[in-house]
Every structure is written in C-alpha cells, then in structure tokens.
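Accompanying notes for the structure given below.
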Amino acid sequence: MTNKTQWLRHGKIKLALHTVRESMEEGSHPLLLLHGLGERTPETLFDEFSSWPGQIFGLDFTGHGLSDIPKGGGYTAELLMGDADAALNQIGPATVCGRGLGAYVALMLAGGRPRQVRGAILCDGPGLAGGGPQPSNPQIIHPDPHCAPPPDPMAMAELSNDIRPADYAMSYVLQATHLSPVIHPITVCAVQKTKWITAVCEAIETEESTLKDALEIYSRFVPNEESEA
Amino acid sequence: MLNENIPSEFRRFAEFPGARMPHRRRQVDSHGSQIAVYEWGDETASPILLAHGGFDFAATYCQFAPLLANGGYRVIAFDQRGHGNSDHTALYSWAADLRDTLAVANSIGPEPIPLIGHSKGGSLLTQFAQAYPHRVSHLINLDGLPSRRRHPDISDHERSRLREKELGNWLDHRLACAELKRSAGGLEELARRRGRMNPRLSHEWLCFLVTQGAQRDDDGWRWKIDASMRFGGFGPWNPTWELQRLPGLSMPLLGLLATVSEEMGWETKEKDLLPYLPPRAEIVSIEGAGHFIHIEFPDEIAKRVLDFLN
C-alpha cells in the first residue's frame, strides 16, 4: 500500500486522487477505482486486485473522502463522470472499476471517453440503483444539514434520487461498444440487477463475469497503433 | 438599482421605458449558497413569486414585475444560482434549483401564493407546485409548459441519442471550466451578442439588460452568469415525464404560449397539451408573440395575469 494523494481540479472542486498501489509491471496500464455512494477510496484492496500488474488509483468523488465538499449541493451522476474524467486525464488510458454509484459512473465514462477507457467493470455497491429508471413523486431534496460530512449529506440525498433510465444507460453502452479498442469494453460483475444494469447485461457485446476474471482480461489489453490514434 | 456601479457614461443605457428597479433587495441562504432576491411593490401586499428562464436573471422582469405591483401585489423575483447576483456555486442541477426556490419561498412565508415562471422558470415552478401543492395558490406558466418538441434551455438535444462529439465536448468543457471567463466587450456589443439568441427583443432593451446582468470590469463589460455553466442541462430527461404529471396539478393553471417560432422557443402548441391539462387550466396562445412574451407584450400579459388572479 502507498499513501500518495495528488490533487486535481474539476471546476471549482479540488479532488483527491490516491495512489493505492504502485505498478508491479512496467508498461502495464493503470486501474482506476471509483467508490460507491457515501464511500471513499479504500485503504486496503480486495484480494482480487492483487494480481493487477499496473498502478492502482482511487478517486474520491466530489463531496466524499478528502475531496472538496461544495456548498448547497447540485450533484448529478454526470458531474461525477466529469470527476472521473479529470482522473483519467491525469493518469492516461486506464481500466475503470466502479462500485455501486461508481459502477454507473464507470459505464458513463466508458461511453464518454471510449478511446481512453480500457474496459469498465461494474460491481455491486452503495448507490447502484440511484433514483430508478423514471421520476417518482416530484420532491424537493433538502437533507438534514446537521449530518456531518464527509460524505456530503447533499450527495447522499441527491445521488440516491438521480434518474437512471435504461435507454440512457444504453446510449453509453453503444458509444463504448462502437468506439472502444477493447473488444468487450463493459463487464458486469454486479449481482443486483437494477433496471439500468439489466439493460446493460442484455446489450450485445456486454460481458458478465467475476471481478477476478474481468481484471485478468483487461490487464492483458495491448493497444495497437490504430486504437491509439 | 440592481447594478449600483454603472459608470456615468453608461447610465443612459440603464433607462428603459416602463422598466423600474426593485424597491427592495435581499439575500436568502439556501444551504450555504446565497440567492439574490428582489421585490417590487408594497411590502404588506399579497406576494407573487417569479422565476426567470435559463441564462436570464431577475432583472429581466424589470418591466413586467412593476405592472403586477401596480395591480396591488408584492412581487418577488430571484436570481437562480450562477445567474445574476446569486452565488456562482460549484455544482448546478435541477434539484438544486428547486431547493433554492423553496428557500426563497420560505423567506416569503408558509401561505400558498401564486407562482409565475418563464421558460425554464415555468418548468421549475410547475415541478415546485407538484412537489409542494400546499404552497401554491395559482400557477402561471409563460411559454414553459412541456412539449415533445424541444426545450432549448433545459435540454439541447434528445438525451438518449448522445454522440461521441457531444459527450467529449461536455467532458472537455468540464476539464477546462475552472479557467473559463466570459468574454468581455463593449456594452452594446454584449447586447448585440445576446440579440443573436433574442432576435425579437429591441437593442435598447438588451442594452438595459447589460446594465443589470453584466458587470463593468477593467477590460470591458462581462455577463455575470457563471462561465462554468452551459446552456441546457446535461443528463437524462424526457418531456413525457413532465407532460404526464400535468393533469395532477390541483391549483388553477394559466399557461401562456408563444406563437412565433424562434431560436429559444419551446414550440409548445395548445393541441399538444390538450390530453394532459388539469381540470382548472386555461391555455392561451398569444398571437404574434415570441418566446419572451412578457417582454414583448408586458401590458397584455400583466393584464391577463391580474385578471386570472382576481
């Protein structure tokens, strides 16, 4: 374990990007971990990650861990995709592994930056379902301000209510599958089948696997000149 | 004055026939973000709350609000976060706008009051009325009722058809937005720039708006709106969700629609709304009006609103 933290800027927010473990094999691409709702970058890794050859980074999302806590909320999953993109921009092409909310963000990033994400692994974790596939009763979200952050209570409340329609998730799957140099760019390890995860699983070219196998496959990805162009 | 720091050589632009500065200005704290609030009319009169459209600001009501105040109301408007004189926050979202709206409503009192919103503000207040019906006596929507056609200041494209370029552009914008500043220019230049999106509004009115919604920096005038904001939201959204909730509105609804198509318009037509109207809805298409109906026809729209409320 290392304990190195670098600071990234995403708009007005300062984000903490932790080096969780150094590379064990020169030339291997890094792994970016995206935590679940309310979580932060873990200090110790599950055994499954032990054979990952490259460097392992973990990003604390806005309002979580050591990252800034903004005033007045306004969280969206799209904003967190921007957080994750700031990390990707810093570390270069990477495999992205997300838990819960982080899994949804990993999928979005795979669609948003299909040429830089070398496989997205979607795992169970807090905040996987979000607010479901369509709006529920209209509400005004104003959480208890006395809950001490981190995590920001606004993030907890707002990102439990953001809408995640299946067709919207599918648009990111299509971007990734059409444009990624990785043959199967999205792997679902999540057991919980939310509406959006089910849609992803049903999509052509989307793989279901164990975390260990997914990491093994993506760690072996070697870009060719065309895919790096 | 909303903008007290107008250098003397520009003061002539801050005059516009019928435009009146608010009588009072205050701030409301919304979970740590400061929201600028303006009031016209007698402080003890019955309140009405106004919400502006996307990329507008409360001062765009400087002509319309005084007409309602003359009708015997205390008229309250606010700058949405990132707009006008409200805080430039780190994050922007629909949920945050709704929460800020509630903070402003709470600063007025617990009694149900009429709400008037234009464009995005109309959509925002419609959702407010659905979430907090006990706080709304009447809902008046100025060309912001949902349509299956398009909503330029909420969604710039149909969200389910994302393209690599759009996604990449949005992410590139997020990577760069910490350093962005709105470009400075002459006062009339800013008015002309805005005129490209508001072709039906007079140059004199747009110059007046610059004096209220822009600031004079060393290198020129610059719109106050947060440079990290982009026109339209980004994320999943479907107009059908809004349309299908309309019939459940319990308070009287007055919907005024533009009839002249323009860049910023929502293109909502009466016939599209018919299957979704709540029991006490009155929908009126304003002949010859573009999207900014209350700016193009302030007297007519104010009269219709006052008749509806009375």
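The values are calculated or read from the model by the stated rules, or taken from the named source; none is laboratory data. Bear in mind the structure is a predicted one, so any value in this text is a computation, not a measurement. Please note: Cβ atoms are built from the backbone with ideal geometry, for glycine as well, and neighbour counts cover all protein chains shown.
Only one of B:Ser250, B:Ser228 is within 12 Å of chain A (Cβ to nearest Cβ) and either touching a residue at least 60 places away in the same chain (Cβ under 8 Å) or outside any loop (DSSP other than H, G, I, E, B) (or both); which?
Details: B:Ser250 fails: within 12 Å of chain A (Cβ to nearest Cβ).
When all the criteria are applied, what remains is B:Ser228.
Here's the yes/no breakdown for (1) small (Gly, Ala, Ser); (2) free of Cβ contacts under 8 Å to residues at least 24 places away in the same chain; (3) under 19 Å from B:Phe64 (Cβ atoms):
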| site | (1), (2), (3) |
| --- | --- |
| B:Leu246 | no, no, no |
| B:Leu256 | no, no, yes |
| B:Thr259 | no, no, yes |
| B:Glu262 | no, no, yes |
| B:Leu274 | no, yes, no |
| B:Leu306 | no, no, yes |
Discussion item. For a quick check of your reading of the model, give me the residue pairs whose first member lies in the stretch A:1-23 and is more than 12 Å from every other protein chain (Cβ to nearest Cβ) and under 16 Å from A:Leu88 (Cα atoms), whose second is in a strand (DSSP E or B) and modelled with pLDDT under 95, with beta-carbon atoms closer than 8 Å and at least 6 apart or on different chains.
Written reply: A:His18/A:Lys4; A:Thr19/A:Lys4
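Within 20 Å of B:Gly213 (Cβ to Cβ), modelled with pLDDT of 95 or more, touching an Asp or Glu at 6+ places or on another chain (Cβ under 8 Å) and within 14 Å of another protein chain (Cβ to nearest Cβ): does that describe B:His23? Steps first, answer last, please.
On the way: within 20 Å of B:Gly213 (Cβ to Cβ): yes; modelled with pLDDT of 95 or more: yes; touching an Asp or Glu at 6+ places or on another chain (Cβ under 8 Å): yes; within 14 Å of another protein chain (Cβ to nearest Cβ): no.
It is false that B:His23 is within 20 Å of B:Gly213 (Cβ to Cβ), modelled with pLDDT of 95 or more, touching an Asp or Glu at 6+ places or on another chain (Cβ under 8 Å) and within 14 Å of another protein chain (Cβ to nearest Cβ).
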Practice prompt. Name every residue in the stretch B:276-304 that is in contact with a Gly (Cβ under 9 Å, 6 or more places away or on another chain), over 19 Å from B:Leu249 (Cβ atoms), assigned to a loop (DSSP other than H, G, I, E, B) and in contact (Cβ under 8 Å) with a residue 24 or more places away in the chain, in order of residue number.
Written response: B:Gly290, B:His291, B:Phe292
Practice prompt. State all residues of the stretch A:94-125 that are surrounded by fewer than 24 Cβ atoms within 10 Å (Cβ to Cβ) and under 12 Å from the mean Cα position of the chain (by Cα); if no residue qualifies, say none.
Written response: A:Asp124, A:Gly125
Practice prompt. Taking B:Gly84 as meeting all but one of (1) closer than 30 Å to B:Leu274 by Cα; (2) outside any strand (DSSP E or B), write down the number of the exception.
Written response: (1)
Worksheet, complete the sentence: Considering the stretch B:127-142, residues that are assigned to a helix (DSSP H, G or I) and small (Gly, Ala, Ser), and then whichever is farthest from the other protein chains (Cβ to nearest Cβ), we arrive at B:Ala129
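From B:Ala36, B:Ala69, B:Ala58, B:Ala65, grab the single residue that is touching a strand residue (DSSP E or B) at 6+ places or on another chain (Cβ under 7 Å) and closer than 19 Å to B:Met197 by Cβ.
Details: B:Ala36 fails: closer than 19 Å to B:Met197 by Cβ; B:Ala69 fails: closer than 19 Å to B:Met197 by Cβ; B:Ala65 fails: closer than 19 Å to B:Met197 by Cβ.
Answer to the selection: B:Ala58.
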Worksheet entry | Test for A:Leu66: is it crowded, with 17+ Cβ neighbours inside 10 Å, among the hydrophobic types (A, V, I, L, M, F, W, C) and at pLDDT 95 or above | no
Discussion item. Please count how many residues of the stretch A:69-89 are more than 7 Å from chain B (Cβ to nearest Cβ), more than 14 Å from B:Leu175 (Cβ to Cβ) and not hydrophobic (A, V, I, L, M, F, W, C).
Written reply: 0
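What residue, of B:Arg74, B:Arg81, is basic (Lys, Arg) and in contact (Cβ under 8 Å) with a residue 40 or more places away in the chain?
Values: B:Arg74 fails: in contact (Cβ under 8 Å) with a residue 40 or more places away in the chain.
One residue alone meets the criteria, B:Arg81.
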Worksheet item: For the stretch A:167-195, how many residues are under 24 Å from A:Asn137 (Cα atoms) and at the interface with chain B (Cβ under 10 Å from one of its Cβ atoms)?
Response: 3
Response to the item:
Within the stretch B:47-94, restricting to residues that are crowded, with 24+ Cβ neighbours inside 10 Å, over 12 Å from the mean Cα position of the chain (by Cα) and closer than 22 Å to B:Pro110 by Cβ, the one that is nearest to the other protein chains (Cβ to nearest Cβ) is B:Ile76
Item to complete: Hey, can you tell me all the residues within the stretch B:107-135 that are over 23 Å from A:Asn161 (Cα atoms), surrounded by fewer than 19 Cβ atoms within 10 Å (Cβ to Cβ) and not acidic (Asp, Glu)?
Response: B:Ser107, B:Ile108, B:Gly109, B:Pro110, B:Pro112
Discussion item. Give all pairs with beta carbons closer than 6 Å in which a residue from the stretch A:36-56 that is part of a helix (DSSP H, G or I) meets a residue that is of a type outside the set (Lys, Arg); count only pairs at least 6 apart in sequence or on separate chains.
Written reply: A:Glu48/A:Leu211
